[in-house]
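Reviewing the structure listed below.
The values are calculated or read from the model by the stated rules, or taken from the named source; none is laboratory data. A quick note: this is a predicted structure, and the numbers were derived from the prediction, not measured. For accessibility, only protein heavy atoms count, side chains too; no ligands or nucleic acids. Shrake-Rupley method; radii C 1.70, N 1.55, O 1.52, S 1.80 Å.
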Amino acid sequence: MKAIIEFIVKQLVDKPGNVRVEENAPDKNTIEIIVEVDKDDIGKVIGKKGRNINAIRTLVAAIGAKGHKRATLQVVE
């Protein structure tokens, strides 16, 4: 899951070298994806009216549901 999210986010931003994706599992039924991007690129990841981030979160949730896990996504500077 980490690789696909990293690929998608790198295609959206101007500075793909500053993209970092971390995957944490606080418990056996939860996956947390934390995406770090450059300050100038946060708007591109979020998109107009949040369309980009909602689409990415939908993918994360679908991939997590396939493995019977709850998946969340956060974008930070």
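Could you give the length gained on full extension between Asp27 and Ala65, defined as 0.36 nm per residue of separation minus the Cα-Cα distance, in nm? It would help to have the intermediate numbers written out before the result.
Numbers: separation 38, 0.36 × 38 = 13.68 nm, distance 1.52 nm.
Working it through step by step, the gained length comes to 12.2 nm.
For Thr30, nonlocal amide neighbours, meaning residues 5 or more places apart or on other chains whose placed amide H falls under 5 Å from its own, are Arg70.
Antiparallel as a % of all DSSP beta bridges within the chain, to the nearest 5?
Working: 6 of 13 bridges.
About 45 percent, rounded to the nearest 5.
Calculated from DSSP H runs of 4 or more alone, at -39500 (n - 2.57) each and per residue, what is the 222 nm mean residue ellipticity of the chain, nearest 500?
-12500 deg cm²/dmol
The candidate values are (1) 1.05; (2) 1.28; (3) 1.86; the one derived from this structure for Cα Rg over 2.2 N^0.38 Å carries the label (1). Rolling a 1.4 Å probe over the protein heavy atoms gives the chain an accessible area of 66 Å² per residue.
Helix 51-66 axis versus longest C-alpha principal axis of the chain: approximately 20°, rounded to the nearest ten.
I'd like the carbon and sulfur percentage of the solvent accessible area for the chain, probe radius 1.4 Å, heavy atoms only, ligands and nucleic acids excluded. Walk me through the numbers on the way to the answer.
Working: 2570 of 5050 Å².
With neighbouring chains kept in place, the figure for the chain is 51 percent.
In this structure, the amide hydrogen of Leu73, modeled 1.01 Å from its nitrogen in the peptide plane, lies closer than 5 angstrom to those of Ile33, counting only residues at least 5 positions away or on a different chain. What the phi angles of the range 28-41 give under the Karplus curve with 6.51, -1.76 and 1.60, with θ = phi - 60°, is a coupling list of 6, 10, 10, 10, 10, 10, 10, 10, 9, 10, 5, 4, 6, 9 Hz, glycine and proline written as x.
By how many degrees, between 0 and 90 and to the nearest 10, does the Cα long axis of helix 2-12 differ from the longest principal axis of the chain? Orientation of helix 2-12: about 20 degrees from the principal axis.
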